[in-house]
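Report on one structure; see the data block that follows.
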Amino acid sequence: MKKTIFGILIFTIFVTAWTILPKSATVFSTNFQTKDSSDWKQLFNGKNLDGWKHVGPGSMIITDGLMQTQGGMGLTYYAGNKFGNCKIRAVFKMKTFNDNSGVFIRIPIEPLEPWMPVFYGYEVQIDNHPETSNEDEYHISGTLYSLTKPMSKSGKPGPQWNTMEITLDGPRTIVVLNGDTVTDYTEGQPTTVRKFDFEPYRGIRPNEGYIGLQNESDHSVVFFKEIAVQALPGHELPN
């Protein structure tokens, strides 16, 4: 009986203390630290090009915390890992009303020069007015360069910021530019005929590959504020 009364007394004290404690007080923590799969991994630190390598003419420089294309044609790629089953977010702006660049995905091997990614990877185009280069709408911002017809044309002119999200879901590639879907393509679907020798070869790309940014020429300057990746549900990013 004494043990029972003692137990009831302890329980009563505990309940009373719990109800009068301020909300900020913690008796027992239930907030265990777990890895949040929704976290974005920043590939550009805003300070330098650590983790990135460059091939080809021109360069990528840092200006006021932004990556800036310079000269060309070259490619700056993230050398740390291949990426697949993820989202890629690129926040960029053109220096003038229209400039040219591209976000490269599914590059099959680490590039030693800038043309292999063009021919055997995919370039998600940055160019709102391809007609000025005698190219058609298959070369507009958000398309897989020369391969896919745009579902929308939502690129913003410079110096406005654009947000591009590229989803790599196995063999499927989805490109959303400023909230509008431009491309939804799955490997093996029909593409246009290759018209020019500077366009990519047609064929299947791997589910994962290197990521790169193009510096197109002396005549085009594009700034990148953010390059980030996020694992799709059920997947993890490489370390």
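Throughout, read-outs are computed from the coordinates displayed, never taken from laboratory work. The shown structure was predicted, so the numbers you read here are calculated from the model rather than taken from an experiment. With ideal geometry, Cβ positions are generated from the backbone for all residues, glycine too; neighbour counts draw on all protein chains shown.
The table for this structure:
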read-out: Test: residue in segment 107-115 that is within 23 Å of Val55 (Cα to Cα), buried (at least 24 other Cβ atoms within 10 Å of the Cβ) and either in contact with a Phe, Trp or Tyr (Cβ under 7 Å, 6 or more places away or on another chain) or touching a residue at least 40 places away in the same chain (Cβ under 8 Å) (or both); value: yes
read-out: Qualifying residues in segment 99-127 (those that are among the acidic types (Asp, Glu) and more than 23 Å from Arg172 (Cα to Cα)) - the one nearest to the chain's Cα centre (by Cα); value: Asp99
read-out: Every pair of residues 6+ apart whose Cβ atoms lie under 6 Å, when the first sits in segment 79-94 and is outside any strand (DSSP E or B) while the second is surrounded by fewer than 20 Cβ atoms within 10 Å (Cβ to Cβ); value: Ala79/Lys53; Gly80/Gly51; Asn81/Pro238; Lys82/Glu208; Gly84/Asn207; Gly84/Glu208; Asn85/Leu232; Asn85/His235
read-out: Selection from segment 189-239 of residues that are surrounded by 19 or more Cβ atoms within 10 Å (Cβ to Cβ), within 14 Å of Tyr145 (Cβ to Cβ) and out of contact with any Phe, Trp or Tyr (no Cβ under 9 Å at 6 or more places or on another chain); value: Glu216
read-out: Selection within segment 113-146 - of a type in the set (Gly, Ala, Ser) and at positive phi; value: Gly142, Ser146
read-out: Residue selected from segment 85-98 under the condition over 20 Å from Val221 (Cα atoms) and under 11 Å from the mean Cα position of the chain (by Cα), by the criterion surrounded by the fewest Cβ atoms within 10 Å (Cβ to Cβ); value: Lys87
read-out: Residue in segment 116-131 that is nearest to Leu177 (Cα to Cα), counting only those that are touching a residue at least 40 places away in the same chain (Cβ under 8 Å), surrounded by 23 or more Cβ atoms within 10 Å (Cβ to Cβ) and not β-branched (Val, Ile, Thr); value: Glu123
read-out: Hits in segment 95-111 (condition: part of a strand (DSSP E or B) and aliphatic (A, V, I, L, M)); value: Val103, Ile105, Ile107
